[in-house]
1. Taking the criterion of being outside any loop (DSSP other than H, G, I, E, B) and out of contact with any strand residue (DSSP E or B) (no Cβ under 7 Å at 6 or more places or on another chain), would at least one residue in segment 52-60 satisfy it?
2. Looking at segment 52-92, which of its residues are under 26 Å from ARG13 (Cβ atoms) and aromatic (Phe, Trp, Tyr)?
3. Name the residue that is nearest to LEU65 (Cα to Cα), counting only residues in segment 1-21 that are touching a residue at least 40 places away in the same chain (Cβ under 8 Å) and in a loop (DSSP other than H, G, I, E, B).
4. Looking only at segment 12-42, filter to residues that are surrounded by 14 or more Cβ atoms within 10 Å (Cβ to Cβ) and of a type in the set (Phe, Trp, Tyr); which one of those is farthest from the chain's Cα centre (by Cα)?
5. Of all residues being among the hydrophobic types (A, V, I, L, M, F, W, C) and in contact (Cβ under 8 Å) with a residue 60 or more places away in the chain in segment 56-87, which is nearest to MET38 (Cα to Cα)? Just the residue, please.
6. I'm told GLU90 meets every condition in (1) touching a Pro at 6+ places or on another chain (Cβ under 7 Å); (2) free of Cβ contacts under 8 Å to residues at least 24 places away in the same chain except one. Can you identify the failing condition by its number?
7. Regarding segment 26-35, can at least one residue be identified that is small (Gly, Ala, Ser) and either in a helix (DSSP H, G or I) or touching a His at 6+ places or on another chain (Cβ under 9 Å) (or both)?
Amino acid sequence: FVTTGDPEICCRRIDQRVAAGGHDVPRDKVYSRFERTMGFLPAYIKLADRAEVYDNSGNGLVSILTKRDGRIMMSDDALKFDWVKKYLSEFL
């Protein structure tokens, strides 16, 4: 699972894509989908046999969480992100 920390980051990237000739997504949809998806994320992690969660807010991926063999491990970088505290607090 790859996410950004804020739907506004997604909107800026969509604006860049549109400027380059790509398709648009309405801002209200970006925000509602972001909240819905992030709200479901803990349940998805629990249901999955294996999971990996990354933050893509910057220029590269930052590993946040890994689940293998029923064991959930948070990376050392996880707490640097406010969205982790908001949506994944039960795994901290």
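1. no
2. Selection gives TYR54, PHE81, TRP83, TYR87.
3. PHE1
4. It comes out as TYR31.
5. From segment 56-87, those among the hydrophobic types (A, V, I, L, M, F, W, C) are 61-62, 64-65, 72-74, 78-79, 81, 83-84; that's our starting set.
Within this subset, residues satisfying the condition of being in contact (Cβ under 8 Å) with a residue 60 or more places away in the chain are 81, 83.
Details: PHE81: 14, TRP83: 9 Å.
The selected residue is TRP83.
6. (2) is the only condition that GLU90 fails.
7. yes
Quick note: the coordinates plus some simple rules give every number you see, no bench work behind them. Just so you know, these numbers come straight off a predicted model, no measurement behind them. Here Cβ is always computed from backbone atoms with ideal geometry, including for glycine, and neighbour counts include all displayed protein chains.
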